[in-house]
Amino acid sequence: MELNNLLKIAVKEGASDIHLVVGHKPIIRVFDKIKRIDGFPIVTNSEAKRMIDGILNVSQKKKIQDEKELDFSYDIDKLGRFRVNLFWEKDNIGLVARIISKEIPTLEQISLGETVEKMIMEKHGLILVTGPTGCGKSTSLAAMINHINQNRSLVIITLEDPIEFLFPKAKSIVVQRQLGSDMNSFAEGLKHVLRQDPDVIMVGEMRDLETIALTLTLAETGHLVLATLHTPNASQVIDRVVDVFPSHQQEQVRLQFSMALNAVIAQQLVPRKGGGLIAAREILVNTPAVSNIIRENKIPQLKTVMQTSANQGMMTMKQSLEAMFKEGLIDEETAKAFLVTDIND
């Protein structure tokens, strides 16, 4: 077995991920279903180490030994890029590689409509893309950044872990910085980013208090900031951001967030009718009414505002799923299953 050959098979099969776990045959995930790759033996620890060592440099080998976790991107010429995570499991090394599309999708191709296009043409403010792991947040961010790149002459700086999509030369200058090799942490990268003359900043993930605080400040100081969070819906974003801070700071953070926020886009992938996956999205736009709700900490009222503000580009996850069902993009069973999930959330 060679890792590159396994990755080629995964790409050919249209997989989203490939798993190497000792004691199992190589596994791929295709349209949210996992299956074992035929014709390959069960992976042993020595075989896994041999394959993985073949794609690591000296510093990466040391890091996986010292820290027991490693994220990085990997390229195969003429095939594509992969986001790789290495880990230890029962004293065995394991790997999960996410296949990154060679082509950056357009906003239209992933159904990010006019509302989102208007948001990313703003000069400042914060746009948050949220959802569980594997819901396409990185793809949505890449489509937004590339739309700006193709249509505006700006300086765009991305802070990523790891770098996934590579942006082509177009109207903007896109500087892509990777955690570990180009910066020590998101917070450190954000502390110095203003000296790099950015117009647009993309933060791969708002992971901790310092990163969140710096991101909010940058959005307030005349920059357009795009970032991600792991929350299932738009309403929970507010609580997630505010609750990170000590209680004596939370009122001030609500005020700051109410002024800095442009929009929240919460998404999840659902089975598309006929095969594949498609994103259902909840969109919260920061209107004066929304800003007031955030300041006064009346978060439960946000869903009502989203339900009744379609003319301002807002929608709930329920409305998104219902619209997709009416358009024939998803079947009735899928709509019902995910509507139940949305109600429970």
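The values are calculated or read from the model by the stated rules, or taken from the named source; none is laboratory data. Just so we're clear, the structure is a prediction, and the values are computed from it rather than from any experiment. Cβ atoms come from the backbone with ideal geometry, glycine included; neighbour counts cover every protein chain shown.
Worth pointing out:
- Scanning segment 310-338 for residues that are under 13 Å from LEU269 (Cβ atoms) and in contact with a Leu (Cβ under 9 Å, 6 or more places away or on another chain) yields MET317, LEU321, ILE330, THR334, PHE338.
- Note on segment 200-295: enclosed strands (runs of 3 or more DSSP E) holding 2 or more residues that are in contact with a Leu (Cβ under 7 Å, 6 or more places away or on another chain) and farther than 21 Å from ASP161 by Cα are 261-271, 277-285.
- Boolean, SER73 is part of a loop (DSSP other than H, G, I, E, B), at pLDDT below 95, more than 17 Å from GLN150 (Cα to Cα) and out of contact with any Ser or Thr (no Cβ under 9 Å at 6 or more places or on another chain): no
- Test: residue in segment 123-143 that is in a helix (DSSP H, G or I), in contact with a helix residue (DSSP H, G or I) (Cβ under 8 Å, 6 or more places away or on another chain) and either in contact (Cβ under 8 Å) with a residue 40 or more places away in the chain or assigned by TED's automatic domain parsing to the domain that holds GLN60 (or both): no
- Restricting segment 50-108 to residues that are more than 23 Å from the chain's Cα centre (by Cα) and among the acidic types (Asp, Glu), the residue that is surrounded by the most Cβ atoms within 10 Å (Cβ to Cβ): ASP53
- Residues of segment 174-193 classified as surrounded by 15 or more Cβ atoms within 10 Å (Cβ to Cβ), free of Cβ contacts under 8 Å to residues at least 60 places away in the same chain and not in a loop (DSSP other than H, G, I, E, B), total: 11
- Condition check for LYS78: among the basic types (Lys, Arg) and over 28 Å from GLU103 (Cβ atoms): no
- All positions within segment 78-128 that are among the hydroxyl-bearing types (Ser, Thr, Tyr) and touching an Asp or Glu at 6+ places or on another chain (Cβ under 6 Å): none
- One residue stands out in segment 295-345 among those that are among the acidic types (Asp, Glu) and under 16 Å from ARG281 (Cα atoms): the one that is modelled with the lowest pLDDT, namely ASP345.
- Of all residues in segment 297-339, those satisfying the criterion of being assigned to a loop (DSSP other than H, G, I, E, B) and either of a type in the set (Lys, Arg) or farther than 12 Å from ILE278 by Cβ (or both) are ASN297, LYS298, THR308, SER309, GLY313, MET314, THR316.
- Members of segment 119-131 that are surrounded by 13 or more Cβ atoms within 10 Å (Cβ to Cβ) and more than 18 Å from ALA266 (Cβ to Cβ): HIS124
- Residue in segment 149-163 that is surrounded by the most Cβ atoms within 10 Å (Cβ to Cβ), counting only those that are of a type outside the set (A, V, I, L, M, F, W, C) and assigned to a loop (DSSP other than H, G, I, E, B): PRO162
- Output for segment 315-335, where each listed residue is within 17 Å of THR115 (Cβ to Cβ), without any contact (Cβ under 8 Å) to a residue 60 or more places away in the chain and either β-branched (Val, Ile, Thr) or surrounded by 19 or more Cβ atoms within 10 Å (Cβ to Cβ) (or both): MET315, THR316, SER320, MET324
- Yes/no for LEU218 being under 18 Å from the mean Cα position of the chain (by Cα), of a type in the set (A, V, I, L, M, F, W, C) and assigned by TED's automatic domain parsing to the domain that holds VAL155: no
- Scan of segment 235-288 for residues that are small (Gly, Ala, Ser), more than 20 Å from LEU107 (Cα to Cα) and within 19 Å of the chain's Cα centre (by Cα), ordered by number: SER235
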